[in-house]
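Quick notes on the structure that follows.
Each value in this text was obtained by applying a stated rule to the coordinates, not by laboratory testing. Keep in mind that this is a model prediction, so the values were computed, not measured. Ideal geometry is used to build each Cβ from the backbone, glycine not excepted, and the neighbour counts take in all protein chains shown.
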Amino acid sequence: MSSGDAVEGKGGSALRRLIVAGVIIALAIWFILANTEEVGVKLWFVKVETPMWIMITVVFIAGWAVGALLRRRAARKRP
């Protein structure tokens, strides 16, 4: 195995992750566009009424942010 093979393997992995991320984002956008009716969400004592796509978008962004924070934390722990 030459050093060129190792580089191609890393590039393929990055491309695969990019494709998977693109598919997940496309599915999330499709799901958001398919769910546009009003919903009520109770947050402890407050009830919020908003279109479902806003709630889905907020949850998607929150999940992405948590994932990014955990990934950054894991990268710091590695020696």
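For the pair L69 and A14, label points projected 7 Å from Cα toward Cβ lie 2.8 nm apart. Label-to-label distance for A26 and V48 is 3.0 nm, based on points extended 7 Å past Cα in the beta-carbon direction. Neighbours of W53, meaning other residues whose beta-carbon lies under 12 angstrom from its beta-carbon, give a summed charge of -2 when Lys and Arg score +1 and Asp and Glu score -1.
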